[in-house]
Amino acid sequence: LVLIECSEMAFVSGAVVCGSGVASAFVSKKPVMAVSAKRSARSMTMKVAAPASEVLGLGKSIPSGLYLIMSVLAFGLGGFSVAQSNLFNTLSADSVNPQFVVGSLMLPISWGLHVASWIQKQNGK
């Protein structure tokens, strides 16, 4: 960003020519924005209201506790499947077990169930 005040200005091969002086096109003469190093504790809190339970579709009447139990079970099954599939070693056609691959898909599902539990808890259900 170039902030040069000049009545006669020309651009020559990446530089700004102002009268008889040359200024770099990438150097600003003035500060563009003041930055404060002070952070308040309030900036780290979430002030967004939870959406209505209707966003869960068919699950809008399921209580928060049941979503929580399903989330923990899905996380445990997904974590076990990832650990047993031995993803940290070299994979081959013989070492991949399809059951563990499908089971590992429970990890993102557990996150969704966790969010559904939070929505229901915020809505008092």
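Every number in this text was worked out from the coordinates using simple rules, so none of it is lab data. Since the model is a prediction, treat every value here as computed from it, not as a measurement. As a convention, Cβ positions derive from the backbone with ideal geometry for all residues, glycine included, and neighbour counts pool all protein chains shown.
Across region 69-125, counting alpha-carbon atoms alone, Rg and Dmax equal 14.5, 49 Å. The relative contact order of region 55-125 comes to 52 percent, based on Cα pairs under 8 Å that sit 6 or more residues apart. Near residue 86, no amide H atom lies under 5 Å from its own; only residues 5 or more places off or on other chains count, and H is placed 1.01 Å from N. Each label point was placed 7 Å from the Cα along the Cα-to-Cβ direction; for residue 122 and residue 102 their separation is 3.4 nm.
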